[in-house]
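Just so you know, all these numbers are worked out from the coordinates, no wet-lab data involved. Everything quoted here is computed from the prediction, not taken from an experiment. Using ideal geometry, Cβ is built from the backbone for each residue, glycine included, and neighbour counts are taken over all protein chains shown.
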Amino acid sequence: MLPIAGGNITLNTCPEGIDICPQHDYVEREVTVKSFKMAETEVTFQMYDQCVESGGCKTEISSWVYKNRAVNPPCVEGEACNYPFDENWGRDSHPVINVSWLDTQKYIQWLNSLSIGTFRLPTTEEWEYAARANLETIYPWGDDFLYGVANCRNCGAPANGENTLEVARFSPNQFGLYDMVGNVAEWTSSCFPTREKGSQKCATYIYRGGSFLWLAHHLTPSTALNAMNNGLRINSLGFRLVQDFE
C-alpha cells in the first residue's frame, strides 16, 4: 500500500453537494482528494484464491445466470464453484478477473477480518487522481502514445490485446502504481443512480482504467470510465484496494 498525498484535481463528476448522479449530469469542476493509500497492483489470483480457500469468498448457488460460475479449474464438478475462472491465461500474479462488484465486497470483508488493516475500493475521484499522478498529460507517461508501455489492443504488448498479463509487467506511474491503465479495468465504490429523478440509490457501479480489450486512445485516465450491474462478471475487469489514513 503506497501513500498518495492528497490534493486538488479538475475532473468530470457530480455537481458539488451531490454524491450520486447520472453521467449526463456530470460537470467539470475542481475537487479536493484527501490523502489515502493505494495498492501498487490490482488484486491477483494468488491473493483472491486465499480468500476462497479460507471460506471467505463463497457465492451462494443461484439460478440467476450471472451469479453462477462455470466449472473450470480449479473448481470441481458437482461442487459449487467459488474460484474465478482465469480463462486459462494464468493465475498467481495475473490480476483476478471474472469477479463482480459483490465479489469484491466479500473479499474486502474477509481481508478486513484478518486485522491487518481496513481496506475498501477507491472512489472514482480517488482512482482518477491516482491514475493521473499530478500530471496534466493525456497518458500517464506523457502526451504521445508509446508502444510497449501498457497492455491494450494496439499497445504493442506481448499479449497483443488478447489476454491479461502479470501485474507490474510495465513501469509504474509517478505515484509508483502499476497498470492504472490497460490490462484490466478496476471496480470503484462509486455508482450511477436508479432512474428516479434525484435518486441516491445505486443502480450500476463504475469501473475505471480500460483493459487489454481497449484501444490505446481510450486509455486516458480521464476518459476510461464505464459502469455495470454489481452482480456481473467479465474477463477484463478486476479491482484494486485503498485504505484511509488513520
What nm distance separates the two modelled labels at residue 2 and residue 102, each placed 7 Å from Cα along Cα→Cβ?
3.4 nm
List the lysines whose Cα lies under 20 Å from the Cα of residue 106, skipping any in the same chain that are fewer than 8 positions away.
58, 67
Pairwise Cα inverse-distance average, inverted: Kirkwood Rh of the range 41-180 (Å)
17.0 Å
For the range 96-176: Kirkwood Rh in Å [reciprocal of mean 1/r, alpha carbons]:
15.3 Å
Sites residue 223 and residue 77, calculated FRET efficiency, Cβ-Cβ separation with R0 41 Å, nearest 0.05
0.45
In nm, what is the difference between 0.36 nm times the number of residues separating residue 118 and residue 50 and their Cα-Cα distance?
22.7 nm
So if the hydrodynamic radius of the range 143-217 is defined as the Kirkwood radius over C-alpha pairs, what does Stokes-Einstein give as its diffusion coefficient at 37 °C and 0.692 mPa s, in µm² per second?
239 µm²/s
Multiply the residue gap between residue 215 and residue 58 by 0.36 nm, knock off their C-alpha separation, and tell me the result in nm, one decimal place.
53.1 nm
Can you tell me what share of the DSSP beta bridges in the range 94-246 is antiparallel? A percent to the nearest 5 is fine.
85 percent
Can you find, among 1, 145, 115, the residue farthest towards the positive end of the dipole of the chain? Put +1 on the C-beta of Lys and Arg, -1 on that of Asp and Glu.
115
Restricting things to Cα coordinates, could you compute the convex hull volume per residue of the chain in Å³?
126 Å³
Once the Cα gyration tensor of the range 7-63 is diagonalised, semi-axes √(5λ) in Å:
35, 19, 9
How about the range 182-246: which chymotrypsin sites (Phe, Trp or Tyr not before Pro) there lie in a loop by DSSP and see at most 13 other Cβ atoms within 10 Å?
245
Counting pairwise Cα distances across the range 62-131, what percent come out greater than 16 angstrom?
63 percent
